[in-house]
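The block underneath contains the structure these notes are about, expressed in structure tokens.
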Amino acid sequence: MERRIGIIGGSGLYDIPGLTDAAWQAVETPWGTPSDEILTGRIGGVAVAFLPRHGRGHVHSPTSIPYRANIDALKRLGVTDLVSISACGSFRDEMAPGDFVVVDQFIDRTFAREKSFFGTGCVAHVGFAHPTCATLSAACADAAQAAGITVHRGGTYLAMEGPQFSTLAESRMYRAWGCDVIGMTNMPEAKLAREAEICYASIAMVTDYDCWHPDHAAVDVAQVIATLTGNADKARALVAGLPERLGPTHDACPQGCDHALTHALMTAPAKRDPALLAKLDAIAGRVLD
């Protein structure tokens, strides 16, 4: 099938070098209104769709982001490969502010968010042992390296609820758990992308050392924004380099991301809720037809 690369990121990333036929597009979903309109266009002949995660002007907190609507909208636009770009704190000296980490594992500590498209009336359980797509993640790491970015291949992302930053005790505990970075937005985003059978990669841009580091003060917004500004050009360069590496055609995912629902549905067909099935038309239409 034709590849369409989706990007979920922050302010400034939609000013992507080489983006042609750019247009903002509103997408309606049965899960509500997405964070914003979606910027569609092409880079090197490959279709691209960009969604500002917090909305232009940063109107959504990490908790209030309409995660289900965002993923559903991108699925309706035909996105096959989704790259999440987000700010994070680091638990490792070697993962310094300004570095990028290609995340391959998560620990989900969020508690106030809807985390699935499925539920009463249509129960499904998708595999999530390897929550990111290895093929897409490798392409992102290669594109980052080619852009001159210091990139770490692999890392565990601790997803916290927020919007407050960690206490010192929490920061020390997460570090002791073996986490590498911490952020507020990759969950339930990654889980929903798997349910939607979209290949997903997470690029964590390090802005600070959280508050565990003895040589650094507690995290503050000014520090984060200053580093984010410097990271924006790097992120745009990474995105601009992806189409050439991925190509215009999306082949079957070796990891099976694009067939995650094949054996996931548990509810007997006669017991499925028609109202919920109607909402699942884009997400699960392949296995519900």
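The values are calculated or read from the model by the stated rules, or taken from the named source; none is laboratory data. Just so you know, these numbers come straight off a predicted model, no measurement behind them. Please note: Cβ atoms are built from the backbone with ideal geometry, for glycine as well, and neighbour counts cover all protein chains shown.
In the set D215, D208, which member is of a type outside the set (A, V, I, L, M) and in contact with a His (Cβ under 9 Å, 6 or more places away or on another chain)?
Details: D215 fails: in contact with a His (Cβ under 9 Å, 6 or more places away or on another chain).
None of the other options fit; the residue is D208.
Check off (1) modelled with pLDDT of 95 or more; (2) in contact with a strand residue (DSSP E or B) (Cβ under 8 Å, 6 or more places away or on another chain); (3) farther than 30 Å from S116 by Cβ for L261 and give me the number that stays unchecked.
(3)
What single numbered condition from (1) touching a residue at least 60 places away in the same chain (Cβ under 8 Å); (2) within 26 Å of A264 (Cβ to Cβ) fails to hold for P163?
Failing condition for P163: (2).
Can you name the helices (runs of 4 or more DSSP H) wholly within region 168-279 that have at least 2 residues being buried (at least 22 other Cβ atoms within 10 Å of the Cβ)? Before you say what the answer is, go through the steps one by one.
On the way: elements: 168-176, 189-195, 221-246, 274-279.
Fully inside region 168-279 and qualifying: 168-176, 189-195, 221-246.
Hey, among the residues in region 90-100 that are in contact with a helix residue (DSSP H, G or I) (Cβ under 9 Å, 6 or more places away or on another chain) and at pLDDT below 95, which one's surrounded by the most Cβ atoms within 10 Å (Cβ to Cβ)?
Filtering region 90-100 for residues that are in contact with a helix residue (DSSP H, G or I) (Cβ under 9 Å, 6 or more places away or on another chain) and at pLDDT below 95, the one surrounded by the most Cβ atoms within 10 Å (Cβ to Cβ) comes out as P97.
Read through the list (1) under 17 Å from the mean Cα position of the chain (by Cα); (2) modelled with pLDDT of 95 or more, then give the number of the only condition that A26 fails.
Failing condition for A26: (1).
Among the listed residues A252, A193, which satisfies the condition of being in contact with a strand residue (DSSP E or B) (Cβ under 8 Å, 6 or more places away or on another chain), modelled with pLDDT of 90 or more and under 24 Å from I43 (Cβ atoms)?
Details: A252 fails: in contact with a strand residue (DSSP E or B) (Cβ under 8 Å, 6 or more places away or on another chain).
Result: A193 is the single residue among A252, A193 that is in contact with a strand residue (DSSP E or B) (Cβ under 8 Å, 6 or more places away or on another chain), modelled with pLDDT of 90 or more and under 24 Å from I43 (Cβ atoms).
Are any of the residues in region 28-36 surrounded by 19 or more Cβ atoms within 10 Å (Cβ to Cβ) and β-branched (V, I, T)?
Going through region 28-36, the residues surrounded by 19 or more Cβ atoms within 10 Å (Cβ to Cβ) turn out to be 29, 31, 34-36.
Remaining after also requiring β-branched (V, I, T): 29.
Checked region 28-36: at least one residue is surrounded by 19 or more Cβ atoms within 10 Å (Cβ to Cβ) and β-branched (V, I, T).
Only one of (1) touching a residue at least 40 places away in the same chain (Cβ under 8 Å); (2) assigned to a loop (DSSP other than H, G, I, E, B) fails for V102. Which number is that?
Going through the list (1) touching a residue at least 40 places away in the same chain (Cβ under 8 Å); (2) assigned to a loop (DSSP other than H, G, I, E, B), V102 breaks only (2).
Determine which member of the set T227, T262, T185, T207 is among the polar types (S, T, N, Q), under 19 Å from the mean Cα position of the chain (by Cα) and over 20 Å from F50 (Cβ atoms). Give the steps one after another, and end with the answer.
On the way: T227 fails: under 19 Å from the mean Cα position of the chain (by Cα); T262 fails: under 19 Å from the mean Cα position of the chain (by Cα); T185 fails: over 20 Å from F50 (Cβ atoms).
Answer to the selection: T207.
Where the second residue is exposed (fewer than 14 other Cβ atoms within 10 Å of the Cβ) and the first is acidic (D, E) and lies in region 240-258, which pairs have Cβ atoms under 7 Å and are six or more apart or on separate chains?
Within 7 Å, the pairs are D258/A252.
Suppose the filter is buried (at least 19 other Cβ atoms within 10 Å of the Cβ) and modelled with pLDDT under 95; does G10 pass it? Lay out the reasoning, then the answer.
On the way: buried (at least 19 other Cβ atoms within 10 Å of the Cβ): yes; modelled with pLDDT under 95: yes.
Criteria met by G10.
With the requirement that a residue be in a helix (DSSP H, G or I) and surrounded by fewer than 20 Cβ atoms within 10 Å (Cβ to Cβ), what does region 107-155 give you?
Residues of region 107-155 in a helix (DSSP H, G or I): 134-146.
Those that are in a helix (DSSP H, G or I) and surrounded by fewer than 20 Cβ atoms within 10 Å (Cβ to Cβ): A134, T135, A138, D142, Q145, A146.
For the condition among the aliphatic types (A, V, I, L, M), touching a helix residue (DSSP H, G or I) at 6+ places or on another chain (Cβ under 9 Å), in contact (Cβ under 8 Å) with a residue 40 or more places away in the chain and within 27 Å of A112 (Cβ to Cβ), what is the one hit in A193, A237?
Numbers: A237 fails: within 27 Å of A112 (Cβ to Cβ).
Just a single option satisfies the conditions, and that option is A193.
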